[in-house]
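Enquirer: First the structure, which I've put down as structure tokens, then a few questions once you've had a look.
The values are calculated or read from the model by the stated rules, or taken from the named source; none is laboratory data. Predicted model, so just to flag it, every value in this text is computed and none were measured. Counting neighbours? That spans all protein chains shown, and the Cβs are built from the backbone with ideal geometry, glycine included. These area figures cover heavy atoms from the full protein model, side chains too; ligands, DNA and RNA do not enter into them. Shrake-Rupley method; radii C 1.70, N 1.55, O 1.52, S 1.80 Å.
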Amino acid sequence: MVRRIDLTAADGLRLAAWEFADPPKDQAAGEAVPGVLLLHGLMGRASHWAGTARWLAERHRAVALDQRGHGHSDKPADGPFTREAYVADAAAAIEQLGLAPAILIGHSMGALTAWQLAAERPDLVRALVICDMRASALGAASQREWEQWFRSWPVPFATLADVRKWFGEDDPRLERPSPARGAFFAEVMAEREDGWYPLFSRRQMLTSRETWVHDAHWDALAQVHCPTLVVRGLDGELGRAEAQEMVRVLPQGRYAEVPDAGHLVHYDRPDAWRVVLEPFLTELGDTP
């Protein structure tokens, strides 16, 4: 079962949320079950969480959000794509879906949105999972690298196979082949008359990224008082030392890492990802 739920952002944008499995039997019987909101990273989409959402649905109501500018949600030409807008969208999703207090699971940019929301609206958040997102500033050089990388994309791609090959093998940013990365990007492409293009605007992605790369986010992290699991891929973008410092700063922080995983932890190694998440979720219990 895949079900789309249309939501409305505080500024009127249309947001698409998705359930990828039938609800738990307890919910079907009218009993309350824990709610989970899944937030993808920059350039992602809700369907990247489909595998995670399906096993979560055994005991939770799990909903994945296409964030503004992504997937089937609105992509306004002039934004806004600010941190405040993304956080407000996540809050609106939790409230309109009736998930509060929710377990937030975020990857990369989605993880930053999740912890900023947990800091600002603790009433909406029961627990938090931060997947491979740094709290330190990345800086102007990082943004320039991304601009150059976006310009290097050979768009349009002739076929989806070409998408998988370029992002999984030929991309100069790759240190070694990654079929999972190729599949990840194939999910965010759409076909036009002359080939395959990204579902998102690369200009809008840079605008979104510009709002966080120049700042550190340690202060907001320290204000997250709910139980929080920090997960990194062993070969991801979040280093072990920084991840462990994030755990130290968090009042109820815990640490886990997934071997043989890159930045796309939940997509690279879905079984190992589940292994590190399930004990944390089990300790939270089944009562919302």
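Enquirer: What trypsin sites (Lys or Arg not before Pro) does the stretch 129-235 have in DSSP loop regions with at most 13 other beta carbons within 10 Å?
Expert: Working: sites: Arg134, Arg144, Arg151, Arg164, Lys165, Arg173, Arg181, Arg192, Arg202, Arg203, Arg209, Arg232; in loops: Arg134, Arg173.
Passing both the DSSP loop test and the Cβ count: Arg173.
Enquirer: What number, in percent, do you get for the relative contact order of the stretch 1-145 if the mean sequence gap of Cα pairs under 8 Å and at least 6 apart is divided by its residue count?
Expert: Details: 287 pairs, mean separation 33.7, N = 145.
Rounded, it is 23 percent for the stretch 1-145.
Enquirer: Determine the shape class of the chain: with a ≥ b ≥ c the square roots of the Cα gyration tensor eigenvalues, call it rounded for a/c under 1.5, and otherwise prolate if a/b is greater than b/c, oblate otherwise. Can you show the working numbers first?
Expert: Values: a/c = 1.42, a/b = 1.27, b/c = 1.12.
Taking the square roots of the gyration eigenvalues as a ≥ b ≥ c, the chain is rounded.
Enquirer: Additional query: Over the chain, what is the percentage of antiparallel beta bridges among all DSSP beta bridges, to the nearest 5?
Expert: On the way: 14 of 39 bridges.
Here the share of antiparallel DSSP bridges comes out near 35 percent.
Enquirer: Only loop residues by DSSP count here, and only those with at most 13 other Cβ atoms within 10 Å; note down the GluC sites (Glu not before Pro) in the stretch 130-223 that meet that. Walk me through the numbers on the way to the answer.
Expert: Working: sites: Glu145, Glu147, Glu169, Glu175, Glu187, Glu191, Glu193, Glu210; in loops: Glu175, Glu187, Glu193.
Passing both the DSSP loop test and the Cβ count: Glu175, Glu193.
Enquirer: OK, next. Assign unit charges at the C-beta atoms only (+1 for Lys and Arg, -1 for Asp and Glu), then state the dipole size of the stretch 208-288 relative to its Cα centre in Debye, rounded to the nearest 20. Before the final figure, lay out the partial values.
Expert: Values: 7 positive and 14 negative charges, 25 e Å.
Dipole magnitude for the stretch 208-288 comes out near 120 debye.
Enquirer: Next question. Charges on Cβ only, +1 for Lys and Arg, -1 for Asp and Glu, centred on the Cα centroid of the stretch 119-197; of Ala158, Gln143, Ala119, which one is farthest towards the dipole's positive end?
Expert: With unit charges placed on the Cβ atoms, the residue in question is Ala119.
Enquirer: Any idea of the accessible area per residue across the stretch 1-160, 1.4 Å probe, to the nearest Å²? Provide the component values of the computation, followed by the final result.
Expert: Numbers: 5750 Å² over 160 residues.
I get 36 Å² per residue for this part.
Enquirer: Below 8 Å, C-alpha to C-alpha, sequence gap of six or more: please give me the relative contact order for the stretch 101-151 in percent. Mind showing how you got there, number by number?
Expert: Details: 56 pairs, mean separation 19.8, N = 51.
Averaging sequence separation for qualifying contacts and normalising by length gives 39 percent for the stretch 101-151.
Enquirer: When only Cα pairs under 8 Å and 6 or more residues apart are kept, what is the percent relative contact order across the chain? Let's see the in-between values first.
Expert: On the way: 587 pairs, mean separation 51.5, N = 288.
Rounded, it is 18 percent for the chain.
Enquirer: Helix-only estimate, please: 222 nm mean residue ellipticity of the chain, summing -39500 (n - 2.57) across DSSP H runs of length 4 or more and dividing by its residues, to the nearest 500. Don't skip to the end; give the middle numbers.
Expert: Working: 12 runs with 108 residues, N = 288.
When only DSSP H runs of four or more count, the value is -10500 deg cm²/dmol.
Enquirer: With each label point set 7 Å from Cα along the Cα-Cβ vector, what nm distance links Leu174 and Ala32?
Expert: So the label points at Leu174 and Ala32 sit 4.7 nm apart.
Enquirer: Hey, another quick one. I need the shape label for the stretch 249-288. Rule: rounded when a/c is under 1.5, else prolate if a/b > b/c, else oblate, with a, b, c from the alpha carbon gyration tensor. Could you put the intermediate results ahead of the total?
Expert: Numbers: a/c = 2.82, a/b = 1.49, b/c = 1.89.
It comes out oblate by the Cα gyration axes.
Enquirer: Using modelled amide H (1.01 Å from N, peptide plane; none on Pro or chain starts), what sits under 5 Å from the amide H of Val230, excluding residues fewer than 5 places away?
Expert: Ile130, Arg254, Tyr255, Ala256
Enquirer: Return the carbon/sulfur percentage of the accessible area of the stretch 141-288, one whole number, probe 1.4 Å, all protein chains in place.
Expert: Numbers: 3700 of 7570 Å².
The computed percentage sits at 49.
Enquirer: A further question on this structure: Is the stretch 135-194 rounded, prolate or oblate when judged by the Cα gyration tensor, a ≥ b ≥ c being the square roots of its eigenvalues, rounded requiring a/c under 1.5 and prolate requiring a/b larger than b/c? Each step should come with its number before you reach the end.
Expert: Numbers: a/c = 2.21, a/b = 1.62, b/c = 1.36.
Cα axes put the stretch 135-194 in the prolate bin.
Enquirer: Another question about this same structure. Whole-Hz Karplus ³J(HN,Hα) for the stretch 40-47, in order, using 6.51 cos²θ - 1.76 cosθ + 1.60 and θ = phi - 60°, x for Gly and Pro?
Expert: In residue order, the calculated couplings are 6, x, 4, 6, x, 7, 4, 5 Hz.
Enquirer: Report the Cα centroid-to-centroid distance between the stretch 53-95 and the stretch 211-288 in angstrom, as an integer.
Expert: 19
Enquirer: Compute a Gaussian network model of the chain, connecting alpha carbons closer than 10 Å, and tell me which residue from Gly262, Gly12, Gly110 fluctuates the most.
Expert: Between Gly262, Gly12, Gly110, it is Gly12 that shows the largest mean-square fluctuation.
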